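Structure, as structure tokens:
The values are calculated or read from the model by the stated rules, or taken from the named source; none is laboratory data. Remember, predicted model here, so these are calculated numbers, not experimental data. Note that we place each Cβ from the backbone using ideal geometry, even for glycine, and neighbour counts take in every protein chain shown.
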Amino acid sequence: MAVQKLTIAKALNDSLRKALEEDPKVLIMGEDVGKLGGVFRITDGLQKDFGEERVIDTPLAESGIVGTAIGLALRGYRPVVEIQFDGFVFPAYDQIVTQLAKMHARSLGKIKMPVVIRIPYAGGIGAVEHHSESPETLFAHVPGLKVVSPSNASDAYWMLQQAILSDDPVIFFEPKRRYWDKGEVDVEAIPDALHASRVARAGTDITLAAYGPMVKVCLEAAAAAAEEGKSVEVLDLRSMSPVDFDGIQASVEKTRRLVVVHEAPVFLGVGSEIAARITERCFYHLEAPVLRVGGYHAPYPPARLEDEYLPGLDRVLDAVDRSLAY
Amino acid sequence: MTVESTAARKPRRSGTKRPAGAASAAKPAAATAKTHDAEPQLVQLLTPEGVRVDVAENPDVAEFAPFVADITTDDLRGLYRDMVMTRRFDGEATALQRQGELGLWASLLGQEAAQIGSGRALRDDDYVFPTYREHGVAWCRGVDPTNLLGMFRGVNHGGWDPTTNNFHLYTIVIGSQTLHATGYAMGVAKDGADSAVIAYFGDGASSQGDVAEAFTFSAVYNSPVVFFCQNNQWAISEPTERQMRVPLYQRAQGFGFPGVRVDGNDVLACLAVTRWALERARRGEGPTLVEAFTYRMGAHTTSDDPTKYRRDEETAAWEAKDPILRLKAHLLATGGADEAYFAELEVESEALGKRVREVVRSMPDPDTMAIFENVYADGHALVDEERAQFAAYLASFEGGE
């Protein structure tokens, strides 16, 4: 059957399986991705079916994982790398930023870098330090990288395959607290373009733009606002580099109000860039300044405080009210 | 000269593959130097005076000497020519930097033997991952030396197609390329090919985590990679004492593969040891660390001043070990070449210098819009937008003022 109801985790697993089946050059690499199937089981069963040469358990060395993936890509492979948790990507940040991102440009286009780096990210699972961060801005800021994040099972399935097919390096952020959310996946569908935004809920009074784990919060906020007679449009950005500014602009020209929501700190975040660009593009359409809801300029707090730190329904609705009050 | 090795090759998947741990059976006698302060024990086949080392009297080199048993007088002249041409090219580039034609230059002066010896050990299907100083290796790979100058002049970040000569782009970040080499070698093994990979780096880079991770990965996956460290004694102004407390080649032992220290100013020994290491890789015996003990006679780059951080006596002591002079002495002493040959080579190297000068000075600046080229393989909306904005901005000047 073409349409299946899957968790995001299973959709990612199916997507990896399909990629491994379709292209013998695709490799999975990372810590514990083999027998264990990854700490979130995203690679569950893949080593059993595709062998240790294709699903590779690596030493515990993130720079080594990404650096060797670059070498494998130079040899013609398409490595899909798993970084176990968001906060663990930084030992590999040098290789990603100074090497992976620039190889195509500095070779004048001779070298392609089809490397996908999967990172379970963001908070909400009660984890310890370094296990709940949202570093997407740090990657979106780097020319040469593409940065995406699915919010639902269908996108998880399709966007991962599109990322693997891309000849550019893609940082693929997986919203770990949504891994067990179920959704319909049509494995025979023609998917949206990888970097296109998607209207997750249509509305006319205000646009909420979000990605990854915050899309669900925004949909809940839109439902709550609807009970108060407010028509909220929710835009799932899906891609942080490039950002689909045309899609946001189209929505804002309709609703005339925009609130950008993400878990990452607000300061210099994806929301800042969107606020600036949409102000440039839609100055005469806007009825209110673009508002941002997100994390604070503080280290991600201990788990007992994360509910206060993370944007929830009330904070999003508060921003909606503030925008509508202009 | 030939780059084929004397040792028989076996398929990588022949079943004769030894486990990584067993590789220590090939541990060279040279790996017996006792302390860091002791006179380093080197694999040496040609003394600083240009005399061939008697293998019978020096069992330490017996394992490696057979790897250059096929080298003829013609081959020796070829190695000599390579070193002379490389030095001439390097000298010209240094001069061009002083004249303002290059923004920076990283000279290889003094390291010609390490680079030519190792570079000539390679087969065409081997793959090289250099730092930014491997001008001699590039020469061996057939990369036009003028192509090396683009990044130093500031017209590009590379300047050659790495796949044409299996010579990767120069890597500036210290040690990063050792991981690329390891990953590439993992791919070679997956492909079942019997080619090998060589990663160049310096003594300073050996302090980098990436180099340690490359050692770990290559050992764990038994990858066909040779780590060729040119220990030129100085990492900009930092001496090796600031990088390590035990001789560098001994580090390999802790990772489970052999390390060997070779006289980096002896082109013959560098050739032999690199061939030996490459053969191990081809046979599926995994990585090797070669420490070429040499000396950077000039500055780290044209930006630093070595007189601030090292003694003249030290430099003078190394001058006596000059790699080119020792092979010249050998060729003269054995009748392998006469003064006419050297004079002829002088003319040829001057012609190279002239060509380099002319090419650099006529190197065009890249097109302005090249800023936006090849940022992404599949395109990117933001780049497209900014390209269009910049083009419109440039166009706004037309007919203006």
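Any residue at all in segment B:328-339 that's hydroxyl-bearing (S, T, Y) and buried (at least 18 other Cβ atoms within 10 Å of the Cβ)? Among the residues of segment B:328-339, not one is hydroxyl-bearing (S, T, Y) and buried (at least 18 other Cβ atoms within 10 Å of the Cβ), which makes the answer no. Of the set (1) of a type outside the set (A, V, I, L, M); (2) surrounded by 23 or more Cβ atoms within 10 Å (Cβ to Cβ); (3) within 14 Å of chain B (Cβ to nearest Cβ), all apply to A:N13 but (3).
Would you confirm, using the coordinates I've provided, whether B:R120 is of a type in the set (K, R) and either out of contact with any helix residue (DSSP H, G or I) (no Cβ under 7 Å at 6 or more places or on another chain) or surrounded by fewer than 24 Cβ atoms within 10 Å (Cβ to Cβ) (or both)? No: the conditions fail for B:R120.
Could you pull out the residue among A:R315, A:R281 that is under 21 Å from A:K176 (Cβ atoms), in a helix (DSSP H, G or I) and not polar (S, T, N, Q)?
A:R315
Examine segment A:28-39 for a residue that is away from chain B (no Cβ under 14 Å) and in a helix (DSSP H, G or I), and state whether such a residue exists. No. Of all residues in segment B:184-215 being among the polar types (S, T, N, Q) and surrounded by fewer than 22 Cβ atoms within 10 Å (Cβ to Cβ), which is farthest from the other protein chains (Cβ to nearest Cβ)? Applying the filter and picking the extreme gives B:S207.
For B:Y200, the criteria (1) closer than 23 Å to B:P48 by Cα; (2) modelled with pLDDT of 95 or more; (3) hydroxyl-bearing (S, T, Y) hold in every case but one, which is (1).
Taking the conditions (1) out of contact with any Lys or Arg (no Cβ under 7 Å at 6 or more places or on another chain); (2) more than 14 Å from chain A (Cβ to nearest Cβ); (3) surrounded by 22 or more Cβ atoms within 10 Å (Cβ to Cβ) in turn, B:P145 satisfies each one other than (3). Among B:D210, B:D194, which is the only one that is assigned to a loop (DSSP other than H, G, I, E, B) and not small (G, A, S)? Just one listed residue meets the conditions, B:D194.
Checked against (1) touching an Asp or Glu at 6+ places or on another chain (Cβ under 9 Å); (2) within 7 Å of another protein chain (Cβ to nearest Cβ); (3) assigned to a helix (DSSP H, G or I), B:T178 meets all criteria but (2).
If a residue has to be away from chain B (no Cβ under 14 Å), buried (at least 24 other Cβ atoms within 10 Å of the Cβ) and not small (G, A, S) to count, how many in segment A:134-151 make the cut? Residues meeting the conditions: 2. Go through the residues of segment A:27-37 one by one and say whether even a single one is touching a helix residue (DSSP H, G or I) at 6+ places or on another chain (Cβ under 7 Å), on the phi > 0 side of the Ramachandran plot, touching a residue at least 24 places away in the same chain (Cβ under 8 Å) and crowded, with 24+ Cβ neighbours inside 10 Å. Looking through segment A:27-37, at least one residue is touching a helix residue (DSSP H, G or I) at 6+ places or on another chain (Cβ under 7 Å), on the phi > 0 side of the Ramachandran plot, touching a residue at least 24 places away in the same chain (Cβ under 8 Å) and crowded, with 24+ Cβ neighbours inside 10 Å. Scanning segment B:312-342 for residues that are under 24 Å from B:Q41 (Cβ atoms), assigned to a loop (DSSP other than H, G, I, E, B) and not acidic (D, E) turns up B:A320, B:K321. Considered as a group, the residues in segment A:241-273 that are assigned to a helix (DSSP H, G or I) and either modelled with pLDDT under 95 or in contact with a helix residue (DSSP H, G or I) (Cβ under 7 Å, 6 or more places away or on another chain) (or both) include one that is farthest from A:E287 (Cα to Cα), and that residue is A:V270.
For the structure I just gave you, tell me whether A:A127 is away from every other protein chain (no Cβ under 14 Å) and more than 14 Å from the chain's Cα centre (by Cα). Write out each step before concluding.
Numbers: away from every other protein chain (no Cβ under 14 Å): yes; more than 14 Å from the chain's Cα centre (by Cα): yes.
Considered against the rule, which asks whether it is away from every other protein chain (no Cβ under 14 Å) and more than 14 Å from the chain's Cα centre (by Cα), A:A127 comes out as yes.
A single member of A:D86, A:D94, A:D49 is crowded, with 24+ Cβ neighbours inside 10 Å and among the acidic types (D, E), and it is A:D86. I'd like to check something: does segment A:222-240 contain any residue that is in contact with a helix residue (DSSP H, G or I) (Cβ under 7 Å, 6 or more places away or on another chain), within 28 Å of A:V89 (Cβ to Cβ) and hydroxyl-bearing (S, T, Y)? Looking through segment A:222-240, none of the residues is in contact with a helix residue (DSSP H, G or I) (Cβ under 7 Å, 6 or more places away or on another chain), within 28 Å of A:V89 (Cβ to Cβ) and hydroxyl-bearing (S, T, Y). Of the residues screened, B:L394 is not one that is touching a residue at least 60 places away in the same chain (Cβ under 8 Å) and away from chain A (no Cβ under 14 Å).
Of the residues A:V261, A:V293, A:V243, A:V320, only one is more than 21 Å from the chain's Cα centre (by Cα) and surrounded by 22 or more Cβ atoms within 10 Å (Cβ to Cβ); which?
A:V320
In segment B:356-383, the residue that is surrounded by the fewest Cβ atoms within 10 Å (Cβ to Cβ) out of those that are in contact with a Phe, Trp or Tyr (Cβ under 8 Å, 6 or more places away or on another chain) and within 14 Å of chain A (Cβ to nearest Cβ) is B:M369. So in segment B:151-174, with the set limited to residues that are within 8 Å of chain A (Cβ to nearest Cβ) and outside any loop (DSSP other than H, G, I, E, B), which one is surrounded by the fewest Cβ atoms within 10 Å (Cβ to Cβ)? Here the residue is B:T163. Please determine whether any residue of segment A:169-176 is of a type outside the set (K, R), within 14 Å of chain B (Cβ to nearest Cβ), more than 20 Å from A:G38 (Cβ to Cβ) and surrounded by 24 or more Cβ atoms within 10 Å (Cβ to Cβ). Yes; the residues of segment A:169-176 include at least one that is of a type outside the set (K, R), within 14 Å of chain B (Cβ to nearest Cβ), more than 20 Å from A:G38 (Cβ to Cβ) and surrounded by 24 or more Cβ atoms within 10 Å (Cβ to Cβ).
Quick grid of which residues meet (1) at pLDDT 95 or above; (2) on the phi > 0 side of the Ramachandran plot; (3) not β-branched (V, I, T):
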residue	(1), (2), (3)
B:T307	no, no, no
B:D312	no, no, yes
B:H330	yes, no, yes
B:T334	yes, no, no
B:A340	yes, no, yes
B:E350	yes, no, yes
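Selection over segment B:233-247 of residues that are buried (at least 17 other Cβ atoms within 10 Å of the Cβ) and either in contact with a Phe, Trp or Tyr (Cβ under 6 Å, 6 or more places away or on another chain) or not in a strand (DSSP E or B) (or both) gives a count of 4.
Of all residue pairs spaced 6 or more apart or on separate chains, those with beta-carbon atoms under 6 Å, a first member in segment A:104-116 that is more than 7 Å from chain B (Cβ to nearest Cβ) and a second member that is among the β-branched types (V, I, T) and crowded, with 23+ Cβ neighbours inside 10 Å are A:V116/A:V80; A:V116/A:I164; A:V116/A:V170. You will find that of B:Q250, B:Q230, the residue that is in contact with a strand residue (DSSP E or B) (Cβ under 8 Å, 6 or more places away or on another chain) and surrounded by fewer than 23 Cβ atoms within 10 Å (Cβ to Cβ) is B:Q250 and no other. Please indicate, with yes or no, whether at least one residue in segment B:131-145 is touching a residue at least 40 places away in the same chain (Cβ under 8 Å) and more than 28 Å from B:L325 (Cα to Cα). No.
Looking only at residues in segment A:55-72 that are more than 7 Å from chain B (Cβ to nearest Cβ) and part of a loop (DSSP other than H, G, I, E, B), the one that is farthest from A:K35 (Cα to Cα) is A:L60.
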